[in-house]
Amino acid sequence: MTATRGILAYGAHVPYRRLDRAAIRNVMGSGGGRGHRAVASFDQDTTTMGVEAARQALATTDLAPYLGGASATTEFVDRWRTPGDATSRTWEERFGEQAYAPLVDRAWADALAATGLDADGIDLAVVTGLHARATKRSGGRLGVTVADDRSDTIGNSGAAHPALLLADVLDTAETGTVVALVVLADGCDVLLFRTT
């Protein structure tokens with residue numbers, strides 16, 4: 001299989017400052033969790049952080065051709081906000097796991113079939129999503145080594161998180177490493193890359 005597209009360069013930036021999650025519980029009375037969360041300083045915004053990531057991209061040329069992938073989706077509402085509510089609500093974690101598990105299985109099998117690989121041919125998987133339980137359990141279902149999701153040190157950076165974790169893996173991957181990016185968000189996307 002000849003790869004015609006892939007990652008030509010990448011850059012990522014995570015703010016230096018960290019918030020101890022226990023401090024959230026102390027102020028809010030609940031929540032928080034363990035570990036830390038990255039927080040932007042008073043003079044950082046999406047533009048300044050994007051510029052810093054672009055600077056790193058100019059200095060990083062770790063080519064990773066795209067091998068192929070697959071997606072699976074079905075209609076379900078896992079996050080909603082009713083009229084008049086100030087915040088959104090989400091399913092209980094167990095419902096998220098039940099909805100995502102078959103989608104992960106299908107996308108994973110289809111991606112392997114599309115690339116002619118099997119689980120033994122994947123060196124490392126990056127698994128990310130907003131449902132922590134579904135994401136953790138899905139990583140265990142793949143039969144491959146799963147990279148740290150950095151939730152204890154930076155939190156979940158939302159839409160940027162898959163690319164951030166992939167950049168983290170590419171920073172240390174040896175030549176020829178096959179990396180699977182598995183994203184749980186309104187379904188499941190699996191993208192496979194090989195570092196050169």
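Miscellaneous remarks
- Matching residues in segment 99-140 - criterion: being among the small types (Gly, Ala, Ser), under 17 Å from Gly69 (Cα atoms) and either over 16 Å from the mean Cα position of the chain (by Cα) or in a helix (DSSP H, G or I) (or both): Ala107, Ala109, Ala111, Ala113, Ala114, Gly116, Ala119, Gly121, Ser138, Gly139
- Checking each residue of segment 144-165 against the condition of being touching a Phe, Trp or Tyr at 6+ places or on another chain (Cβ under 9 Å), more than 16 Å from His131 (Cα to Cα) and surrounded by fewer than 19 Cβ atoms within 10 Å (Cβ to Cβ) gives no match.
- Contacts under 6 angstrom Cβ, first residue in segment 167-196 being in a strand (DSSP E or B), partner open to solvent by less than 10 Å² (accessible area, probe 1.4 Å) and of a type in the set (S, T, N, Q), 6 or more apart: Val183/Thr128
- Meets criteria (on the phi < 0 side of the Ramachandran plot, open to solvent by 50 Å² or more (accessible area, probe 1.4 Å), polar (S, T, N, Q) and out of contact with any Asp or Glu (no Cβ under 8 Å at 6 or more places or on another chain)) for Thr172: yes
- Subset of segment 1-31 [farther than 30 Å from Ala180 by Cα and part of a loop (DSSP other than H, G, I, E, B)]: Gly29, Ser30, Gly31
- In segment 48-98, the residues that are in a helix (DSSP H, G or I) and under 24 Å from Leu130 (Cα atoms): Met49, Gly50, Ala53, Glu93, Arg94, Phe95, Gly96, Glu97, Gln98
- The residue that is nearest to Gly68 (Cα to Cα), counting only those in segment 14-28 that are open to solvent by 60 Å² or more (accessible area, probe 1.4 Å) and either at pLDDT 85 or above or not basic (Lys, Arg) (or both), is Tyr16.
- Across segment 32-64, the qualifying residues are those that are more than 25 Å from Thr177 (Cα to Cα), in contact with a strand residue (DSSP E or B) (Cβ under 9 Å, 6 or more places away or on another chain) and not basic (Lys, Arg), and the one among them that is most open to solvent (accessible area, probe 1.4 Å) is His36.
- Segment 65-118, subset among the aromatic types (Phe, Trp, Tyr) and within 30 Å of Glu174 (Cα to Cα), residue most open to solvent (accessible area, probe 1.4 Å): Tyr66
The values are calculated or read from the model by the stated rules, or taken from the named source; none is laboratory data. Here the structure is a predicted model, which is why all the values come from computation and not from measurement. Here Cβ is always computed from backbone atoms with ideal geometry, including for glycine, and neighbour counts include all displayed protein chains. Heavy atoms of the whole protein, side chains included, go into the accessibility calculation; ligands, DNA and RNA do not. Shrake-Rupley method; radii C 1.70, N 1.55, O 1.52, S 1.80 Å.
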